[in-house]
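Every number here is computed from the coordinates shown, using simple stated rules; none is lab data. From a predicted model like this one, the values you see are computed outputs, not experimental measurements. All Cβ positions, glycine included, derive from the backbone under ideal geometry; neighbour counts span all protein chains shown.
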Amino acid sequence: MAGIYIHIPFCRQACYYCDFYFTTQLRHRPELVKALCKELVLQKNYLEGLPIHTIYFGGGTPSVLTRQELKALFETIKACFPVVNNPEITLEANPDDLNEKKLFEMRSQGINRLSIGVQSFHGPTLKYLNRSHNEQQALNSLFEARKQGFQNINLDLIYGIPGHDHIHWRNDLEKTMAFKPSHLSAYCLTIENRTVFGNWYQKGKLIPVDDDFSVRQLEMLQEISGRYGYEQYEISNFALPKYQSQHNSNYWMQVPYLGIGPGAHSYNGKIRQFNVRNLAKYLGFLEIDRIPCQIEVLQRKDHINEYIMNSLRTKSGCNLKKLKEEYDFDLINACHPQLDKFKKLSLITYSQQLLRLTDKGKLLADTITSEFFQS
Ligand code: SF4
């Protein structure tokens, strides 16, 4: 089993919080699609013939692609890789790109899962984030997507936004539940250095919310989504029964995947490959049939660290027996002081078999997991 990720780095405008790799130079779209097809051909042996169960168009904003561009990518994927019948095919979309015609085209290309970047239903908050859509466009896109037959819809939300108080957040959650998407991804806003918000923060123009504020909003999310039948199967991901994202679940289970496009990365169980985060360089290298990437050969410690990092984010937690059997690593022996410290702070629970984050611990997942990392 394996997956393919295609990175479409174009956005209509820059959201103030975003540090993904993107560019607003949409005019380069045709060249990019040509280069992506070429990279698919050049990388066709990377997954060593494993069947492709999931395909994911991420970004950026893949919903800017035309029907012909999507068609070219699908044809190349099918020509180069053994794709199973009825794979999960996800496309990330911004609400302002979704209309009846576009949604129909996406469905007829075989896309069966949409991930819609709503982020909030509160107009002033969308403006504050510099999103390219408004509240009405968010609502319209959801209802139009369902009308066009999409059953499997993920809705992205952000919480922990300065000025977006608990009443606004509750309102976002209630509007979400009224639509009842099959899947919900909700991320706590982080202020990253190379963003407009990072710049405002350094100048004292933005004051991030404190941990208690974010914890309360996470609790509201857990409480309300739980009441509507969603399961929190990963820190930021909630699904109705049978609607967990297969593609993302495979990342967390170390299933191999091939990432195509500028800024994409790949993993085949032995190496990780990181494509250059620069459109001009990416296009230039593909022009001469070369893939501009860095390769990291994974060592035992990398496998251990990746397993700890990914598994702790999931509902199943970190299987300590698996760590011993597969990587000869005894986490309880190696990290006893850290385990004691986090347990006293009610951030984790653990036994001989299993280590898990508590709800409070989930908000500090990165800090906690990094203390278990091996060097
Ligand atoms: S649309 Fe998505 S990728 Fe593009 S700037 Fe906004 S958050 Fe980033």
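Could you tell me whether segment 250-333 comes out rounded, prolate or oblate from its Cα gyration tensor? Rule is a ≥ b ≥ c as square roots of the eigenvalues, rounded for a/c under 1.5, then prolate if a/b exceeds b/c, otherwise oblate.
In terms of gyration-tensor shape, prolate.
With contacts defined as alpha carbon pairs under 8 Å and 6 or more residues apart, what's the relative contact order of the chain in percent? Intermediate results must be reported in sequence, preceding the final value.
Working: 648 pairs, mean separation 59.0, N = 375.
Once divided by the residue count of the chain, the mean separation gives 16 percent.
If contacts are Cα pairs under 8 angstrom and at least 6 residues apart, what is the relative contact order of segment 317-370 in percent?
Values: 50 pairs, mean separation 18.7, N = 54.
Reported relative contact order: 35 percent.
In segment 160-266, which trypsin sites (Lys or Arg not before Pro) are in a loop and have at most 10 other Cβ atoms within 10 Å, using DSSP for the loop call? Mind showing how you got there, number by number?
Details: sites: R170, K175, R194, K203, K205, R216, R227, K242; in loops: R194, K203, K205, K242.
Qualifying residues, ordered by number: R194, K203, K205, K242.
Segment 282-375: which GluC sites (Glu not before Pro) are DSSP loop and have at most 15 other beta-carbon atoms within 10 angstrom? Don't skip to the end; give the middle numbers.
On the way: sites: E287, E296, E306, E325, E326, E371; in loops: E371.
The qualifying sites are E371.
Quick check: pseudo-label points 7 Å beyond the Cα along Cα→Cβ at K322 and T66, how many nm apart are they?
Between K322 and T66, the simple spin-label model gives 4.5 nm.
Find the centroid of the Cα atoms in segment 216-243 and in segment 69-123, then give the distance between the two in whole Å.
Their Cα centres are 24 Å away from one another.
Diagonalise the Cα gyration tensor of segment 90-133 and give the resulting equivalent ellipsoid semi-axes, square root of 5 times each eigenvalue, largest first, whole Å.
Over the Cα atoms of segment 90-133, the semi-axes work out to 24, 10, 6 Å.
Between beta-carbons, use under 15 Å as the cut-off and find the net charge around P337, counting Lys and Arg +1, Asp and Glu -1. If you can, show how the numbers build up before the last one.
Values: positive: K341, K343, K344; negative: D330, D340, E371.
That works out to 0.
Can you give me the convex hull volume of the Cα atoms of segment 317-370, divided per residue and expressed in Å³?
Working: hull volume 3.9 nm³, N = 54.
Each residue corresponds to 73 Å³ of Cα convex hull volume.
Two decimals is fine: what's Rg over Rh for the chain, C-alpha atoms, Kirkwood radius as Rh?
With Rg and the Kirkwood Rh in hand, the quotient comes to 0.95.
For q values of 0.17 Å⁻¹, compute log₁₀ I(q)/I(0) with the Debye formula on a Cα-only model of segment 6-143, without solvent.
After summing over all Cα pairs, the log10 values are -0.96.
Once you've got the Cα coordinates, tell me which of K127/K203; K34/K175; K270/K321; K102/K180 are over 29 Å apart.
K34/K175
Amide H of V118: which non-local residues (sequence gap of 5 or more, or other chain) have their own amide H closer than 5 Å, using H built in the peptide plane?
D156
Any cysteines in the chain with zero other Cys Cβ atoms under 4.7 Å from their Cβ? List them, or say none.
Among the cysteines of the chain, those whose Cβ sits 4.7 Å or more from every other are C11, C37, C80, C188, C293, C318, C335.
Checking the cross-link filter: which lysines have an alpha carbon closer than 19 Å to that of K360, excluding same-chain neighbours under 8 positions apart?
Filter leaves K315, K341, K343, K344.
May I ask for the percentage of alpha-carbon pairs in segment 274-375 that lie more than 22 Å from each other? Before the final figure, lay out the partial values.
On the way: 2128 of 5151 pairs.
For segment 274-375, the share of Cα pairs beyond 22 Å comes to 41 percent.
How large is the Kirkwood hydrodynamic radius of segment 134-234, counting all unique pairs of alpha carbons, in Å?
15.1
Considering the chain as a Gaussian network with a 10 Å cut-off on Cα pairs, which listed residue, E234, E75, E144, attains the greatest mean-square fluctuation?
The residue with the greatest mean-square fluctuation here is E75.
Measure out, as a whole number of angstrom, how far apart the alpha-carbon centroids of segment 153-211 and segment 1-41 sit.
Using only Cα atoms, the two centres lie 24 Å from each other.
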